[in-house]
Amino acid sequence: MAKNDQSMDKAHQHLTTDQGLKINDNDNSLKAGIRGGTLMDDFHFREKMTHFDHERIPERVVHARGAAAHGVFKIYDDSLKQYTKARFLTDPSLETKTFTRFSTVVGSRGSADTVRDVRGFATKFYTVEGNYDLVGNNMAPFFIQDAIKFPDLVHAIKPEPHHEIPQASAAHDNFWDFVSLTPETLNMIMWVLSDKAFPRSFATMEGFGVHTFRLINEQGVSHFCKFHWKPLAGVHSITFEEASKIAGKDPDFNRRDLWDMIEKGNFPEFELALQIISENEEFDFDFDILDATKVWPEELIPLKRVGKLTMNRNPDNYFLETEQVAFHPGNLVPGIDFSNDPLLQGRLFSYLDTQLTRLGGPNFAQIPINQPHVPVVNNQQDGFMRQNNMKGRINYSPNSLGGGCPFAAGANEGAFVHHAERVEGFKIKQRSESFNDHYSQAQLFYNSMSAVEQQHMVEGFHFELGKVEHMHVRKRMVDHLAKINSALAEKVAKGIGVDAPAGTELYTISEAAKGRKRAETSPALRTIERKENVSTIKGKKVAILLEDGFDGAAVSALKTAIEKEGALCEVVSKNQGKRKSASGDDVKTDKNHMTTASVLYDAVFIPGGKESVEKMMKMGDVLYFIREMYKHCKPIGAVGEATKLVEACQLPELMVFDQPAVDKGVVTSLNGSKADEVVKLFKKALIQARFWEREKVKDMIPA
Ligand code: HDE
């Protein structure tokens with residue numbers, strides 16, 4: 001970041017006013033006598049208070065709540081040269097600095113991280129050719145096809161205007177009224193109702209550029225492409241119940257996780273992947289590639305993984321960087337260009353416009369976080385908050401008094417030249433018929449889910465539609481679902497007290513789409529049971545439940561095995577402070593029973609030790625912790641006497657063992673000398689993450 005007075009080191013400095021005057025008292029205002037009135041002469045008081053009164057800037061109208069990190073991007077090789085001339089995508093010797101901001105969309109700045117929502121995934125690449133912004137989401141399609149519907153969509157989903165309820169939630173009448181009258185939203189609705197709406201962490205969610213873009217090579221040949229981010233830590237989500245509880249226990253769950261991972265050196269990593277098709281293939285598919293409510297199924301158009309983003313530095317200051325960063329899908333570099341997607345086209349207007357209000361004028365590109373890392377040379381000048389103008393008398397072009405400078409560059413000098421797409425047609429307010437299929441990809445999504453995810457979606461609809469008060473809106477939604485999948489419609493109808501629609505036919509594709517390339521199923525759309533998911537424990541968080549008298553060897557065995565791979569252990573006891581192991585060693589407690597909860601961890605490990613276990617047997621919080629962990633299908637490990645604790649939880653249909661063995665992700669061994677083996681099995685369970693077979697007995701586990 002550029003040097004800035006406000007970020008100067010405060011150590012060994014005297015306090016001053018904004019004018020640089022040293023201050024002798026920062027705790028008392030100037031008064032007429034010790035108990036007298038405050039005086040206008042107190043310029044220090046007035047300056048301090050005036051500044052404070054104006055500290056807030058308008059929050060983003062959408063994506064208000066965010067967290068961000070600096071990073072670097074490197075392309076693996078020059079193989080994209082045949083498609084694009086963008087240097088950061090083709091020169092493997094370049095390391096491009098980045099700033100990535102993740103966000104929820106609907107809630108205001110103070111809302112919780114874990115609400116059901118889309119997540120923004122916006123990356124600014126400070127490239128050698130100027131800034132390139134990839135302003136995407138963690139879901140591949142979008143709600144609407146034409147930008148002109150965006151204000152309606154956002155009004156409908158935001159809190160209702162008469163009472164400003166509900167905050168950060170789609171579960172209300174206005175939203176479902178809009179959705180049920182706007183069937184183009186249905187594919188995206190499937191995504192929003194799925195596990196993808198509850199990412200376990202920012203480091204374990206995918207990113208999508210959403211729109212179709214163009215890649216342009218040196219010869220000016222254009223290909224269509226879609227951008228993806230693939231997390232190297234796999235794709236993981238939490239359940240709706242966990243999300244709701246976490247919103248109370250730690251509303252900063254996702255942003256804290258991002259911050260902590262980076263502080264500990266466990267840098268989140270994402271691969272940039274591209275789907276690329278030639279212009280000749282534009283009409284080969286059963287969807288229109290310009291329609292942003294559609295995905296390009298990976299089974300039809302494979303991904304090419306081309307480079308890696310490593311997020312390796314936390315911001316120095318939230319406001320200066322995360323809040324003031326201004327993304328814009330129109331920030332391009334040579335080699336990338338727009339398609340005619342009408343959603344993208346509308347965004348090209350909106351992002352610049354919104355910064356005028358949010359950042360107070362047209363000079364936001366001079367805020368350090370927004371500055372490109374290459375020189376800016378033009379005749380723009382003045383305006384609110386201008387930091388510098390060009391020196392000298394010449395502020396116009398053409399000029400001869402300044403030798404004609406600055407000159408426009410040619411394409412061979414690195415200038416951006418718009419792709420010369422041939423254009424013809426009538427000016428017309430109408431959608432293409434090729435945008436009319438609103439059901440096929442919603443079917444594709446739902447039918448491609450695992451049984452567990454389908455069940456989560458049904459429960460999601462029970463919550464969302466169950467909160468809708470107008471019965472005709474519920475009914476209209478169920479009618480749409482019946483065109484997508486009749487079993488889904490029936491299950492949803494049952495939970496929300498409306499009749500399952502009789503006689504609604506499943507949607508079938510149009511004659512025009514028949515014979516085009518089409519995916520019948522797309523396992524790549526899943527969140528769980530993804531084949532590439534089970535590889536690493538990096539970033540996972542394990543709770544260790546213990547009290548005085550615990551088995552220290554078991555705790556060391558666990559820590560040694562998993563911390564070196566980037567997982568994190570936290571010791572949880574009734575009270576904070578130090579706990580003593582059976583052999584007299586101290587361990588520091590990270591959290592007490594009040595400051596944490598099982599929903600904040602990926603797994604729990606309980607070492608033996610007679611005294612420790614006997615104490616925990618009498619603690620309701622401990623039993624609850626383990627039962628809740630079981631309910632949410634996460635790994636549990638128990639060694640020696642701790643096996644008895646697991647038994648005391650009366651977990652339905654669970655086997656516990658005398659020697660190290662696993663049942664449904666619960667690793668037990670009454671034999672306490674086998675801690676190493678327990679840890680090995682526990683680590684395996686941690687990689688698998690969830691044991692969904694337990695969901696079958698969910699109703700038997702009160703949590
Ligand atoms: Fe945005 N969007 N958006 N959006 N969007 C904004 O810009 C808008 C859309 C996305 O971390 C705003 O600076 C319109 C799609 C992200 O700062 C605003 C339309 C996608 C972020 C705006 C869309 C996005 C925004 C609010 C329909 C995924 C946060 C503040 C045409 C590809 C970036 C701001 C950050 C932010 C407008 C649709 C992603 C108002 C008009 C589709 C990640 O300009």
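The values are calculated or read from the model by the stated rules, or taken from the named source; none is laboratory data. None of the values given here were measured: they were computed from a predicted structure. Reconstructed Cβ throughout: ideal geometry from the backbone, glycine too, with neighbour counts over all protein chains shown. For the accessible areas, the whole protein counts, side chains as well, though only heavy atoms, and no ligand, DNA or RNA atoms are used. Shrake-Rupley method; radii C 1.70, N 1.55, O 1.52, S 1.80 Å.
General remarks:
- Among residues of the range 315-329 that are acidic (Asp, Glu), those with a Cβ under 6 angstrom from a residue that is at pLDDT 95 or above and not in a loop (DSSP other than H, G, I, E, B), sequence gap 6+ or separate chain, pair up as 321/369.
- Leading residue by the ranking (nearest to residue 380 (Cα to Cα)) among those in the range 328-370 that are among the polar types (S, T, N, Q) and more than 7 Å from the ligand (Cβ to nearest atom): 363
- Within the range 315-325, considering residues that are part of a loop (DSSP other than H, G, I, E, B) and open to solvent by 10 Å² or more (accessible area, probe 1.4 Å), the one nearest to the ligand (Cβ to nearest atom): 324
- The one condition in (1) more than 16 Å from the ligand (Cβ to nearest atom); (2) without any contact (Cβ under 8 Å) to a residue 40 or more places away in the chain that residue 299 fails to fulfil: (2)
- Scan of the range 547-573 for residues that are of a type in the set (Ser, Thr, Tyr) and surrounded by 22 or more Cβ atoms within 10 Å (Cβ to Cβ), ordered by number: 573
- Residue in the range 77-99 that is surrounded by the fewest Cβ atoms within 10 Å (Cβ to Cβ), counting only those that are polar (S, T, N, Q) and closer than 14 Å to residue 127 by Cβ: 93
- Residue match in the range 27-36 (condition: more than 16 Å from the ligand (Cβ to nearest atom), under 30 Å from the mean Cα position of the chain (by Cα) and in a loop (DSSP other than H, G, I, E, B)): no
- Taken over the range 158-177, the criterion of being under 20 Å from residue 445 (Cβ atoms) and open to solvent by 20 Å² or more (accessible area, probe 1.4 Å) is satisfied by no residue.
- Within the range 58-76, considering residues that are open to solvent by 70 Å² or more (accessible area, probe 1.4 Å) and over 21 Å from the mean Cα position of the chain (by Cα), the one nearest to the ligand (Cβ to nearest atom): 74
- Filtered residue count, the range 407-420, keeping only those that are surrounded by 11 or more Cβ atoms within 10 Å (Cβ to Cβ) and at pLDDT 95 or above: 4
- Count of the range 141-152 residues which are open to solvent by 10 Å² or more (accessible area, probe 1.4 Å) and closer than 27 Å to residue 200 by Cα: 2
- Condition met for residue 348 (surrounded by fewer than 16 Cβ atoms within 10 Å (Cβ to Cβ), closer than 26 Å to residue 209 by Cα, touching a residue at least 12 places away in the same chain (Cβ under 8 Å) and not basic (Lys, Arg)): yes
- Filtered residues of the range 352-375 (kept if buried (at least 16 other Cβ atoms within 10 Å of the Cβ), aliphatic (A, V, I, L, M) and in contact (Cβ under 8 Å) with a residue 40 or more places away in the chain): 359, 367, 369
- Restricted to the range 100-207, the set of helices (runs of 4 or more DSSP H) holding at least 3 residues that are within 15 Å of the ligand (Cβ to nearest atom) comprises 150-157, 186-192.
- Qualifying residue in the range 218-229 (condition: within 16 Å of the ligand (Cβ to nearest atom), in a helix (DSSP H, G or I) and buried (at least 20 other Cβ atoms within 10 Å of the Cβ)): no
- Answer from 173, 146 - the residue that is outside the structural domain of residue 461 (by TED's automatic domain parsing) and in contact with an Asp or Glu (Cβ under 6 Å, 6 or more places away or on another chain): 173
- Enumeration of residues in the range 232-269 that are within 23 Å of residue 72 (Cβ to Cβ) and surrounded by 23 or more Cβ atoms within 10 Å (Cβ to Cβ): 233, 254, 257, 258, 261, 268
- Put simply, of 597, 557, 582 the only residue that is assigned by TED's automatic domain parsing to the domain that holds residue 681, touching a Gly at 6+ places or on another chain (Cβ under 8 Å) and not charged (D, E, K, R) is 582.
- Complete set of residues in the range 577-601 that are open to solvent by 30 Å² or more (accessible area, probe 1.4 Å), touching an Asp or Glu at 6+ places or on another chain (Cβ under 8 Å) and assigned to a loop (DSSP other than H, G, I, E, B): 582, 590
- Only listed residue being closer than 30 Å to residue 437 by Cβ and in contact with a helix residue (DSSP H, G or I) (Cβ under 8 Å, 6 or more places away or on another chain), chosen from 187, 217: 187
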